1. Using a cut-off of 26 Å between alpha-carbon atoms, which lysines can reach K138, once sequence neighbours fewer than 8 places away in the same chain are excluded?
2. Between the stretch 50-117 and the stretch 248-272, what is the C-alpha centre distance in whole Å?
3. Can you give the extra length, in nm with one decimal, that the chain gains between Q287 and S58 once fully stretched, where that is 0.36 nm per residue apart less the Cα-Cα distance?
4. Under 37 °C and 0.692 mPa s, how fast does the stretch 218-358 diffuse according to Stokes-Einstein, given a Kirkwood radius computed over C-alpha pairs? Answer in µm²/s, whole number.
5. Would you kindly state how much longer the chain becomes between R348 and L267 on full extension, computed as 0.36 nm times their sequence separation minus their alpha carbon distance, in nm to one decimal?
6. On average, how much accessible surface per residue is there in the chain, in Å², for a 1.4 Å probe, leaving out ligands, DNA and RNA?
7. Dipole of the stretch 191-252 (Lys/Arg Cβ +1, Asp/Glu Cβ -1, origin at the Cα centre): which of S198, G229, L211 lies farthest to the positive side?
8. Nearest 20 debye, what's the magnitude of the dipole of the chain about its Cα centre given +1 on Lys and Arg Cβ and -1 on Asp and Glu Cβ?
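The values are calculated or read from the model by the stated rules, or taken from the named source; none is laboratory data. Quick caveat, the model's predicted, so the values are computed rather than measured. Glycine gets a Cβ as well: all are built from the backbone with ideal geometry, and neighbour counts include every protein chain shown. All accessible areas refer to the heavy atoms of the entire protein, side chains included, with ligands and DNA or RNA removed. Shrake-Rupley method; radii C 1.70, N 1.55, O 1.52, S 1.80 Å.
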Amino acid sequence: MANPSEDEIIWPKTYVKGFHDDEAVRKMKYSNLGNTGMQVSVLGFGASPFSGGYHPVSEEDAISSVRKALTNGINYIDTAPWYGDGKSEEMLGKALKDIPRESYYMATKVGRYKPEVDKMFDFSAAKVLSGFEESLQKLGLSYVDLIQVHDLEFAPNPEIILNETLPAVQTLVDAGKAKYIGITGYPVDELKNIYERSTVKIDTILSYSRLTLSDSSLLGHVDFMKKNGVGLINASPLSMGLLTHYGPPKWHPASEEVREAAAKASLYCQKEGVDLPKIALNFTLSQKDIPITLMGMSSVSEVDRNLAALEQDLTEKEREVKEFILTNYFDPVKEKSWEGREVAKYWRKLKALQEQQK
């Protein structure tokens with residue numbers, strides 16, 4: 001059968017002739033993100049590493065990685081003011097200056113901001129509005145495609161999110177500064193609870209580190225998302241560095257049991273000459289009904305590696321190693337998540353600070 005002509009190819013909505021690498025775009029898989037109308041690449045560009053929280057990132061590398069990703073068919077970028085106290089948004093603003101706006105979807109967040117514990121979260125309407133204006137300025141954009149409430153489990157109570165944060169976000173959508181509304185966090189049940197109670201229409205739900213070799217519990221929520229037309233955004237298939245040969249950063253909230261399982265898996269993979277991140281990424285990307293998975297990227301080599309993972313299946317040996325580490329290291333872990341640990345730590349720190357200031 002002859003290959004389709006250029007006129008017969010159904011290009012994604014974000015395709016821009018002359019900007020994109022046509023062959024790469026043809027290879028990329030796109031899915032509808034819930035009922036938003038956005039056709040997103042199965043792999044999304046996570047800009048959290050631009051913060052420098054994992055390793056130092058140069059401006060040159062950041063800019064090059066964005067262009068490489070977008071020209072090769074990745075069309076969704078996720079950032080937040082929390083990432084590097086605005087550094088991620090600033091770098092993206094520089095990277096996107098000469099890139100066609102119609103070639104990508106931009107998602108940012110409100111609610112989480114500064115590294116200082118007493119300035120970290122602010123879900124008030126006033127901060128939503130002022131913080132979002134700062135985000136637009138840093139990004140150099142007049143609008144974003146998706147505005148998300150960031151890590152809402154850290155709010156003092158759900159009523160603030162329902163009665164103040166989300167209505168404020170809705171005013172930004174009404175003003176044409178954002179198109180869709182999303183919520184993010186680690187505990188999926190809490191996100192679903194807010195979704196069901198909200199009088200503001202929520203279009204997407206993002207959770208991270210819940211569809212990985214070490215914790216695949218997100219799969220149990222897929223039917224709920226499909227039934228309600230919610231755009232499910234899966235993030236961090238390497239579980240914030242846990243499933244790498246470098247190991248997780250010091251601040252990682254995983255329990256010792258999970259860390260130990262990941263360390264054993266890494267050692268076994270190295271002994272067998274197999275790349276743990278490749279296995280981990282393949283595990284996540286091979287799951288059905290997941291419209292998009294966000295991967296942190298900050299260099300051209302990382303973009304190339306992630307794009308290659310979309311095309312390359314595992315070898316027989318890699319499949320055997322994957323099954324071995326799942327059966328022997330990750331499946332036996334009793335408490336796979338760290339739900340509640342970060343929240344409790346945050347409130348302890350905030351309370352201690354408030355006591356000092358009295």
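1. Here the lysines satisfying the reach criterion relative to K138 are K13, K68, K87, K94, K97, K109, K114, K119, K127, K177, K179.
2. 28
3. Values: separation 229, 0.36 × 229 = 82.44 nm, distance 3.34 nm.
The span from Q287 to S58 would gain 79.1 nm if fully extended.
4. Values: Rh = 17.2 Å.
Diffusion coefficient, whole number: 191 µm²/s.
5. Working: separation 81, 0.36 × 81 = 29.16 nm, distance 3.51 nm.
Full extension of this stretch gives 25.6 nm more.
6. Accessible surface, normalised per residue, equals 46 Å².
7. The one lying farthest along the dipole's positive direction is S198.
8. Working: 43 positive and 51 negative charges, 115 e Å.
My answer is approximately 560 debye.
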